[in-house]
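Report on the following structure.
The values are calculated or read from the model by the stated rules, or taken from the named source; none is laboratory data. Note that the structure is predicted; figures quoted are calculated from it, not measured. Don't worry about glycine lacking a Cβ; one is built from the backbone with ideal geometry, like all the others, and counts go over all protein chains shown. Each accessible area value is taken on the protein alone, full model and side chains, heavy atoms only, with ligands, DNA and RNA left out. Shrake-Rupley method; radii C 1.70, N 1.55, O 1.52, S 1.80 Å.
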Amino acid sequence: MANTGSSISAPLKRAAGAVQAAPRDGFATGLGVLTATLGSAVGLGNIWKFPFLTGANGGAAFLIVYLISTLLVGLPVMISELTMGRTARADAITTLQKLSPSRKPWWLIGAIGALSAFMILAFYTEVAGWVFAYIFKSLSAAALSTNPEVTSQAFSGLVTDPVQSLVWQWIVLGLVGFIIILGVSKGIENTTKRLMPVLFLLLVAVCVRSLTLPGAAKGLEFLLKPDFSKVTGLTMLTAMGLAFFKLSIGMGTMITYGSYFREDQNIPITATRVMLADLSVSLLAGMAIFPAVFAFGFEPSAGPSLLFITIPAVFASMPLGHFFMVIFFILAAIAATGAMLSLFEVPVAYMSERLGMSRRTATLLTMALLVLFGSAAALSNSVLADFKVLGMTMFDLYDFTTSNIFLPVGGIFICLFVGWVWGMDQVKKSLSNNGILKNEGIARLFLFLVRFVSPVLILLVLLQGLNIL
Ligand code: PFF
């Protein structure tokens, strides 16, 4: 006789519910894991932060320092986060709750991480909005002039206009929110699988254009010529801070993505591949930008002014510049999108898995909150220009608090957690793929770094960022 609903006992009902529960979404293919994780690492940081910092801090000499920083700090933290996520198979906050001994407040690291992801999104979506706006501005040639004063006016026309600033931020939020609602494999994985190769091809195209300009060699020299006299203690701290931002670590992004990794994914190898591919994209971006900047006699600058003032003037100076400028901003928009997807996923995963919301509701709520808090960043150059907290506009405050405080603090505690709370047995278990650990030496080295080396080095970055060093 068929069982009626009312006659099923409570434990059986629970079991029936468990059978019916949809399996947790995750990355379906090894390639998807790689493109999504790389999509998170590759972002606006590759286009304006990395090339300029490399050029200004001794070229190839800085690259060596950057590589050492990623090996001693970046990779250990990234591997820690990914393994924690894969072991717990949960969002960042729940991962720490699940993995830590009971009643210890380690979950706070996850909470600071989710808050950081949210705060980074609040200003990152604004810069991404400018990038998207520039695709259209380049199409209409509105921002194209060989005179940096004109391009500078075009840029300030955009950022000081409250309506345009808000609308472009909302467009970006809508686009990223739409992809997030589609899900981890159908949204994030599918999008990054398609877009990352496009980004790479477009970047190579702009590189070829830039490197074949007469006088390009000077730009290459700026980027690559090793100048060890420029490497100081401060340079090392700059390189480490950059490695943090570049590899999207310290804020739960990699914990969240790690929770979607397949069981047979080799985490140290994947992390190393992502780091190397991210470095290649950064170098290509430098080779796309600086040879052209020098070929036309411009001064390399840093930050948004390089992207939105110098670069349009450079493109306006070259044959087919109009076309290449459109391509350049499309590739920057792709880079920003992959990074924003990973940031969005942190609060969305928490809200949908822990607070019982549907993915759609969690995404819409995150978007609504970002419309609210992000507008404070979007209006930082116009109506809220004089509204300052600790002497900073809201845009700068979000940037400063996350990059200089939350990310390093998150990184230190993640190392301490894996190194001292988890310990060797758990590290070995969680680094293995389907129970097989091929290289125990790597596990030992990794544990040594997260116990003794990485946290100390990150502490130095933290103190320097707060002007204490
Ligand atoms: N790695 C991104 C970039 O280089 O632009 C920025 C970023 C993305 C930081 C995701 C943090 C993050 F969680």
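One residue is enough: does the range 99-109 have a residue meeting the conditions of a type in the set (D, E, K, R) and open to solvent by 20 Å² or more (accessible area, probe 1.4 Å)?
yes
Among the numbered criteria (1) over 20 Å from Ala90 (Cβ atoms); (2) within 14 Å of the ligand (Cβ to nearest atom), which single criterion is violated by Val383?
So Val383 meets the others, but not (2).
Mind checking which residues of the range 120-140 are open to solvent by 10 Å² or more (accessible area, probe 1.4 Å) and within 16 Å of the ligand (Cβ to nearest atom)?
Phe123, Tyr124, Trp130, Phe132
Given the conditions (1) in a helix (DSSP H, G or I); (2) over 30 Å from Ala60 (Cβ atoms); (3) open to solvent by 10 Å² or more (accessible area, probe 1.4 Å), and given that Arg262 satisfies all but one, which numbered condition is not satisfied?
Among (1) in a helix (DSSP H, G or I); (2) over 30 Å from Ala60 (Cβ atoms); (3) open to solvent by 10 Å² or more (accessible area, probe 1.4 Å), the lone unmet condition for Arg262 is (1).
Tell me whether the range 224-238 contains one or more residues that are closer than 20 Å to Gly411 by Cβ, within 16 Å of the ligand (Cβ to nearest atom) and surrounded by fewer than 24 Cβ atoms within 10 Å (Cβ to Cβ).
Yes, the range 224-238 contains a residue that is closer than 20 Å to Gly411 by Cβ, within 16 Å of the ligand (Cβ to nearest atom) and surrounded by fewer than 24 Cβ atoms within 10 Å (Cβ to Cβ).
Here's a check for you: in the range 292-311, which residue that is closer than 16 Å to Leu213 by Cα and open to solvent by less than 10 Å² (accessible area, probe 1.4 Å) is nearest to the chain's Cα centre (by Cα)?
Restricting to residues being closer than 16 Å to Leu213 by Cα and open to solvent by less than 10 Å² (accessible area, probe 1.4 Å), the top hit is Ile311.
Assuming Ile334 fulfils every condition listed in (1) within 16 Å of the ligand (Cβ to nearest atom); (2) open to solvent by 60 Å² or more (accessible area, probe 1.4 Å); (3) among the β-branched types (Val, Ile, Thr) apart from one, which condition is it?
Going through the list (1) within 16 Å of the ligand (Cβ to nearest atom); (2) open to solvent by 60 Å² or more (accessible area, probe 1.4 Å); (3) among the β-branched types (Val, Ile, Thr), Ile334 breaks only (2).
Take the conditions surrounded by fewer than 23 Cβ atoms within 10 Å (Cβ to Cβ), free of Cβ contacts under 8 Å to residues at least 60 places away in the same chain and under 21 Å from Leu158 (Cα atoms) and apply them to Thr393. Does it pass?
Spelling it out, Thr393 is indeed surrounded by fewer than 23 Cβ atoms within 10 Å (Cβ to Cβ), free of Cβ contacts under 8 Å to residues at least 60 places away in the same chain and under 21 Å from Leu158 (Cα atoms).
Given the conditions (1) open to solvent by 10 Å² or more (accessible area, probe 1.4 Å); (2) within 19 Å of Ala316 (Cα to Cα), and given that Ala143 satisfies all but one, which numbered condition is not satisfied?
All conditions pass for Ala143, except number (1).
If only one of Ser280, Ser305 is modelled with pLDDT under 90 and hydroxyl-bearing (Ser, Thr, Tyr), which one is it?
Ser305
A quick yes/no check of all residues on (1) more than 28 Å from Ala368 (Cβ to Cβ); (2) at pLDDT 95 or above; (3) open to solvent by less than 60 Å² (accessible area, probe 1.4 Å); (4) within 16 Å of the ligand (Cβ to nearest atom):
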| residue | (1), (2), (3), (4) |
| --- | --- |
| Asn3 | yes, no, no, no |
| Pro11 | yes, no, no, no |
| Arg14 | yes, no, no, no |
| Arg24 | no, no, no, no |
| Gly45 | no, no, yes, yes |
| Gly55 | yes, no, yes, no |
| Ala60 | yes, no, yes, no |
| Thr95 | no, yes, yes, yes |
| Phe118 | no, yes, yes, yes |
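Would you check if Gly187 is part of a helix (DSSP H, G or I), within 14 Å of the ligand (Cβ to nearest atom) and either open to solvent by less than 30 Å² (accessible area, probe 1.4 Å) or within 27 Å of Ala302 (Cα to Cα) (or both)?
Here the answer is no, as Gly187 does not meet what is asked.
Does Phe329 satisfy the criteria of being closer than 18 Å to Ala143 by Cβ, within 16 Å of the ligand (Cβ to nearest atom), at pLDDT 95 or above and not charged (D, E, K, R)?
Judged against the criteria, Phe329 is a match.
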